[in-house]
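Visitor: Before I ask anything, here is the structure I am working with.
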Amino acid sequence: MDKHLRLKLAIQKSGRLTDNSLDLLVRCGLKYSRGKDQLLCFGENMPLDVLLVRDDDIPDLVQEDVCDLGIVGQNVVEEKRLAFEARGISPLFDVVTTLDYGRCRLCIAVPDGQPYQGAASLAGKRIATTYPNILTRWLRDRGVEAQVVTLSGAVEIAPRLGRADLICDLVSTGNTLTANHLREAETVLESQAVVIRTPKPIAPEKRDWLHRLLARVDGVQQVKESKYIMLHAPREALPMIARLLPGSEHPTIVPLEGTDEKVAVHAVCRENVFWETLEALKAAGASAILVLPVEKMLP
Ligand code: PRP
Ligand code: ZN
């Protein structure tokens, strides 16, 4: 296939989203070979190339039409969106799907032992961050005048170096803060991974695969929590049992050989099925309850 008719998707090269993003693509059916430079995964069974880049570059690559799609944290998307707007450029990437990984938060963190008395107490302070646009908006929304010290990395050591009084940085496990004697004080933004795409028209040859890929991403997202549940139930208990099945719309009712009072109920539950649910189903009259994992789903 013509090289420029292959879809291009950018993901983080090394970081909290990398493994999950590659795993998601494999679950979408992608078989890839990784180039020698490790910066490109060539899709062998789909016209899709995966570029491994710095996460901060992903919105720009989509903006500039180098990539059709990107998987990146909402933190980066929001920071870039505000940065583009500040420069009078309208951002050319649409968030299409929220993914269920990469959860983290952008936080104000203060050196251990230092009190934090709310946003107002930040007035006149120097705050180091790699997210100047999000932080500036957050401060402005609260009417706080503080000095935003924009760094390109290693924000967590800024207070010790005397470059700032406190920081505003991403936290997921909290290990980085602890290691640097910092304490989480307030959340500025919650984040998780999202898929972004160019809003520009995509060549028809690519469009079909783009839609297929996005549908598969949705399918993978949905099956993760989904379970297939099978049980026997007395007919009169059906309304009650239908209500107890978590996130299932239309259960299938199947007659059982040799009995009219009981039927088999099959349903896809789009939420996890816990022991409590099974116990409640049993109490409602269900028996022979089976819960199976769902491997693939295409709504
Ligand atoms: C963030 C942040 C910390 C770390 C916090 O960096 O700057 O270094 O993650 O994670 P923890 O709470 O689990 O210790 P990130 O991974 O986004 O790296 P990047 O800024 O280079 O993209
Ligand atoms: Zn980054």
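Visitor: Rounded to the nearest 0.05, what FRET efficiency is calculated for Gln192 and Asp260 with R0 set to 41 Å and r the Cβ-Cβ distance?
Guide: 0.25
Visitor: May I pose another question? With the cut-off at 16 Å, report for the stretch 227-293 the share of all Cα pairs above it, as a whole percent.
Guide: 36 percent
Visitor: Among bridges DSSP assigns within the chain, what percent are antiparallel (round to 5)?
Guide: 75 percent
Visitor: From the cross-link list Lys224/Lys282; Lys8/Lys125; Lys13/Lys206; Lys36/Lys206; Lys80/Lys224, which pairs have alpha carbons spaced over 32 Å apart?
Guide: Pairs exceeding 32 Å: Lys8/Lys125.
Visitor: How big is the dipole moment of the stretch 49-203 about its Cα centre under a simple scheme where the beta carbon of each Lys and Arg is +1, that of each Asp and Glu is -1, and everything else is neutral? Debye, nearest 20, please.
Guide: The calculation lands at about 500 debye.
Visitor: Straight-line reach from Lys227: which aspartates and glutamates have Cα under 12 Å away, leaving out those fewer than 8 places along the same chain?
Guide: Within the straight-line limit of under 12 Å, Lys227 reaches these aspartates and glutamates: Glu271, Glu295.
Visitor: Let me ask something additional. Treating the Cα atoms of the chain as identical point scatterers in vacuum, please give the log10 of the normalised Debye intensity I(q)/I(0) at q = 0.07, 0.11, 0.13 Å⁻¹, two decimals.
Guide: Those come out to -0.41, -0.83, -0.97, one per q.
Visitor: Can you tell me the accessible area per residue over the stretch 207-295, all protein chains present, probe 1.4 angstrom, in square angstrom?
Guide: Solvent-accessible surface per residue comes out at 59 Å².
Visitor: Give the Rg (one decimal place) followed by the Dmax (whole number) of the stretch 13-155, computed from C-alpha coordinates and expressed in Å.
Guide: 18.4, 57
Visitor: May I pose another question? Using a probe of 1.4 angstrom, how much of the accessible area of the chain is carbon and sulfur, in percent?
Guide: Reported share for carbon and sulfur atoms: 51 percent.
Visitor: More than 20 angstrom separation, counting every C-alpha pair in the stretch 167-225; what % is that?
Guide: Working: 939 of 1711 pairs.
Distances greater than 20 Å cover 55 percent of the Cα pairs.
Visitor: Computed on alpha carbon atoms, what radius of gyration and Dmax characterise the stretch 104-190, expressed in Å?
Guide: Gyration radius and largest Cα-Cα distance of the stretch 104-190: 11.4, 32 Å.
The values are calculated or read from the model by the stated rules, or taken from the named source; none is laboratory data. Quick caveat, the model's predicted, so the values are computed rather than measured. Glycine gets a Cβ as well: all are built from the backbone with ideal geometry, and neighbour counts include every protein chain shown. These accessible areas exclude ligands, DNA and RNA; they are computed on the full protein's heavy atoms, side chains included. Shrake-Rupley method; radii C 1.70, N 1.55, O 1.52, S 1.80 Å.
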